[in-house]
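Step one of this worksheet: look at the structure below.
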Amino acid sequence: MSKSKPVAINIGINDKDRKRIADGLSRMLADTYTLYLKTHNFHWNVTGPMFQTLHLMFMTQYTETWNAVDLVAERIRTLGYPAPGSYKQFAALTSIKESDGVPSAKEMIRQLVEGQETVARTAREVLPVAEKAGDQPTVDLLSARMEVHEKNAWMLRSLLEE
């Protein structure tokens, strides 16, 4: 059985730039998915006097992050590359560390601040590549994601102040 030849992509971004952007977005996808999973885990397992507040906050954040996973993956596909989609691929690509056991509520917040900031940094690393290539849809996506993750980090960080 012969494999069909892929249809050429001619959207005004050369192959090399599309590949670089897709690679960066793949790291962004891995970070986003890993943050989603960590936030959902903490939503399930948080305890203590701030339970209700954190349970609801984590749910809001993981729901928004879950919806973003699809946007990032579809942009990778739009650029002509397969989106990573396995735990093995995500583990190899992500910059977010997994949590061992069930941390305290305060440690959950600290780890989620770090995770939100990590996703924002990854987006910020990919942004100039997309800008230089004239890839406005990716620039817009990355800008929107940075805004969300920076705001989430700020809200979480405010809970750590005495």
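General observations
- Residue match in the range 100-120 (condition: basic (Lys, Arg) and over 25 Å from PRO49 (Cβ atoms)): no
- Screening PRO82 on (1) assigned to a helix (DSSP H, G or I); (2) more than 19 Å from LEU37 (Cα to Cα); (3) under 17 Å from the mean Cα position of the chain (by Cα); (4) of a type outside the set (A, V, I, L, M, F, W, C) shows it passes everything except condition (1).
- Pairs, first part of a loop (DSSP other than H, G, I, E, B) in the range 88-115, second among the aliphatic types (A, V, I, L, M), C-beta under 6 Å, six or more apart: THR94/ALA30; ILE96/LEU35
- The range 141-152 - residue that is within 21 Å of THR53 (Cβ to Cβ) and within 13 Å of the chain's Cα centre (by Cα) and, of those, surrounded by the most Cβ atoms within 10 Å (Cβ to Cβ): HIS149
- Residues of the range 40-77 satisfying the condition of being over 14 Å from LYS106 (Cβ atoms), of a type in the set (Gly, Ala, Ser) and free of Cβ contacts under 8 Å to residues at least 60 places away in the same chain: ALA73
- Members of the range 15-62 found to be aliphatic (A, V, I, L, M) and part of a helix (DSSP H, G or I), listed by number: ILE21, ALA22, LEU25, MET28, LEU29, ALA30, LEU35, LEU37, LEU54, LEU56, MET57, MET59
- Odd one out for MET108, checked against (1) hydrophobic (A, V, I, L, M, F, W, C); (2) under 21 Å from LYS151 (Cα atoms); (3) modelled with pLDDT under 95: (3)
- Residue count for the range 125-140, restricted to those that are assigned to a helix (DSSP H, G or I), of a type outside the set (S, T, N, Q) and surrounded by fewer than 16 Cβ atoms within 10 Å (Cβ to Cβ): 6
- Of the criteria (1) within 15 Å of LEU25 (Cβ to Cβ); (2) in contact with a Leu (Cβ under 6 Å, 6 or more places away or on another chain), which one VAL139 fails: (2)
- Residue list for the range 98-124, restricted to those being under 18 Å from VAL72 (Cβ atoms) and surrounded by fewer than 24 Cβ atoms within 10 Å (Cβ to Cβ): GLU117, THR118, ALA120, ARG121, ARG124
- Test: ILE76 is at negative phi, β-branched (Val, Ile, Thr) and part of a helix (DSSP H, G or I): yes
The values are calculated or read from the model by the stated rules, or taken from the named source; none is laboratory data. None of the values given here were measured: they were computed from a predicted structure. Glycine also receives a Cβ, built like all others from the backbone with ideal geometry; neighbour counts cover every protein chain displayed.
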